1. What about A:ARG312, is it basic (Lys, Arg) and in a helix (DSSP H, G or I)?
2. Only one of these is on the phi > 0 side of the Ramachandran plot and at pLDDT 95 or above: A:GLY274, A:GLY238. Name it.
3. Just to be sure I understand, how many residues within segment A:126-145 are over 23 Å from the mean Cα position of the chain (by Cα), within 8 Å of chain B (Cβ to nearest Cβ) and surrounded by 21 or more Cβ atoms within 10 Å (Cβ to Cβ)?
4. Which one of A:ALA381, A:ALA350, A:ALA319 is of a type in the set (A, V, I, L, M, F, W, C), modelled with pLDDT under 95 and in contact with a Gly (Cβ under 8 Å, 6 or more places away or on another chain)?
5. Give the residue, chosen from A:ALA279, A:ALA264, that is under 12 Å from the mean Cα position of the chain (by Cα), buried (at least 23 other Cβ atoms within 10 Å of the Cβ) and in contact (Cβ under 8 Å) with a residue 24 or more places away in the chain.
6. Can you go through B:ALA17, B:ALA22, B:ALA51 and tell me which one is crowded, with 17+ Cβ neighbours inside 10 Å, closer than 23 Å to A:ALA190 by Cα, at pLDDT 95 or above and facing chain A (nearest Cβ under 9 Å)?
7. Within segment B:25-36, work out how many residues are within 8 Å of chain A (Cβ to nearest Cβ) and among the aliphatic types (A, V, I, L, M).
8. Among the residues of segment A:308-357, write down those that are within 30 Å of A:PRO265 (Cβ to Cβ) and exposed (fewer than 12 other Cβ atoms within 10 Å of the Cβ).
Amino acid sequence: MEMRSGFFWLASLLAFPVAGAPLLLHPSFRRYGASARAVFAGAAGAFAITLVLVLATLAGWPWRLLPVVLVGTALCLLLRLVLPPVVPGNPVRSAGGTPGPVGWSALAIIVLALAAATAAAASASATSPDLLLFWGPKAEAFSAARGFDPEYLGDPLHRYQHVSYPPLVPAVYAFGAIAAGRFPWMGPVATFPLLLAALALALPGTLARFASRRDALVATAMIVASAGFLGDSLDIAGNADPALLLFEILAIAVLMGAPKGEPAPELLAGVLLGAAAAAKVEGLPFVLAAGSFHLLRRGGPGLVSTVGRGVRLFGPSAAFLGAWFAFGAMRGLFRGYESYGPLLEIHGSALPVALRTIATSLASAGWALAWTIPLAALLMAGRGVRSSNAIFPAAVAATLGVFFLFTYIHLADPTLLIGWSAGRIFMIVSCLLVLAALGATSASASDERRSG
Amino acid sequence: MSAPRGSAPIGLLLAGAAALAAWSVARLPPPAEILRAPETPYEHSDVRYTAGPTFLFLTRVGPFVPRGATVTIYEEPRDPGRDGNLFEAGVALLPGRRVLPAAQWGAFTPEDEAAAEYVVIQGTGPAVPPGRLVGALEKGTIWRRHRPSPLGSTSR
């Protein structure tokens, strides 16, 4: 019974790439290759369908799967219509070079890391306690109510379930539960290796827009291996961290390879950023940092162009969070995210202990190798460190690091909170450092080629 | 002939990826354990000794507590932290029932506990039976109260 419902639950997730397909079938996205486009379609579909679920709840319509998928598909079709039908002067560039022995080794490591993550999830060794605490119960409640049940969310006894948290992950879980007829607890656990596999499928083609095929495979191997290792050691299977990582890493990878003046990659990145904002609270500072730094480094020729690019990058996040907070306000549940106190009420004296505890937390997860190795690779990359493609992900990583620290020192004693969360929320910093190292290396290689 | 400058950082990333992938494999449970379907989603996780038995116990409690009923869960001997965890697990694993806390935020909540129609006790049996015994499992018992109190202030 559990096995069969688990199968149906997982199979229902195929609705997401179907819904996202109209957008990703646009010829502008051929450059990324078929496997990356399928993953992007899944992300776009998950975003669009979740937005439809929020809007349906706002309108008081109970969730019905087929209409929800059809409207989500129509939304992706609408997004496609804002793109020019043909992109002149944008030939599909094949990924540079052959993988060679290094690339094949990277591929073997990716397969090994995915197999390990699959085994960790299957043996229930990587399951997040938060699945039982709030992601799972919320999904059960939403699927039973066929909506974001305001009665359940407004119950003071359920305050520990972070009522205002953005709803993409429980919405996706509830979608699967409606399709399967029940909520199979191992289904969400299986999303950990699945989303890691999605990352492995999408990254090489996306990174090859600005790096050699060999280097793109190596960076993918490092990201998949470190996310797999940290995911198991920090127990993230079944929570929202794998989805958040997927959306965030892909958004940055797309922006790093986005040619100046082309709307399609920025729109795709905007949808991925929207999905990140819809997946977890930390998604919002990520969206603001990634979108702003991208606009700064690729400034448009005029105000109109910059505004247009800003709308593509930030529009999906604004639309989603606008709808979610409208739901919270209309039902008297929340008007913003829960916080650890007023914005500027910080405890400066907590800074040393916060820094020390963060360092201890990262060190306890595999000697912090997932952070120190890419940092060392970045520093070894020569002149390329000063390139825009190295500075961009590094700046986003630094901003997030400062933001997390700023959040922690809102508590007089943040030790416990850091112990629970630092390893997980700093995972994105590890992946961004890999992307920065790749950006720096490819810039150095281009310099060398130019100078003969 | 010198290696291109990009080789060193790429080599380091490749070595790091190999080390972390190998470490991931080394962390796995024995192969026989991986191939066997786990009884709970927490069978080999860091919280296996707390979440695992509770998950198993509460999924077996389900048939004894009808949908729509109010239920409270606690452990004998009593501990507010543990009872709070049991409440949260009950909300997850007894869907369709109104789970009332025997403790929350590290403190007992006697008003809420007394308002439940059903009482689930993990661990040894209670000194004073809270009602009529409706189920006995290996890890605990399920009781139905004769006359529950009106709902407490937090759970109304």
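1. Working: basic (Lys, Arg): yes; in a helix (DSSP H, G or I): yes.
Here the answer is yes, as A:ARG312 does meet what is asked.
2. Working: A:GLY274 fails: on the phi > 0 side of the Ramachandran plot.
None of the others qualify; the one that does is A:GLY238.
3. Within segment A:126-145, the subset over 23 Å from the mean Cα position of the chain (by Cα) is A:140-141, A:143-145.
Among the residues that remain, those that are also within 8 Å of chain B (Cβ to nearest Cβ) are: A:140-141, A:144.
Then drop every residue that is not surrounded by 21 or more Cβ atoms within 10 Å (Cβ to Cβ), which leaves A:140-141.
Total satisfying the criteria: 2.
4. Details: A:ALA350 fails: in contact with a Gly (Cβ under 8 Å, 6 or more places away or on another chain); A:ALA319 fails: modelled with pLDDT under 95.
Residue meeting the stated conditions: A:ALA381.
5. Values: A:ALA264 fails: under 12 Å from the mean Cα position of the chain (by Cα).
Result: A:ALA279 is the single residue among A:ALA279, A:ALA264 that is under 12 Å from the mean Cα position of the chain (by Cα), buried (at least 23 other Cβ atoms within 10 Å of the Cβ) and in contact (Cβ under 8 Å) with a residue 24 or more places away in the chain.
6. Values: B:ALA22 fails: crowded, with 17+ Cβ neighbours inside 10 Å; B:ALA51 fails: at pLDDT 95 or above.
Every option except B:ALA17 fails the conditions.
7. Number satisfying all stated conditions: 3.
8. As a first pass, look at segment A:308-357 and keep what is within 30 Å of A:PRO265 (Cβ to Cβ): A:308-326, A:337.
Passing the criteria: only A:GLY322.
The values are calculated or read from the model by the stated rules, or taken from the named source; none is laboratory data. These figures come from a predicted structure and were not determined experimentally. FYI the Cβ positions are ideal-geometry reconstructions off the backbone, even for glycines, and counts take in every protein chain you see.
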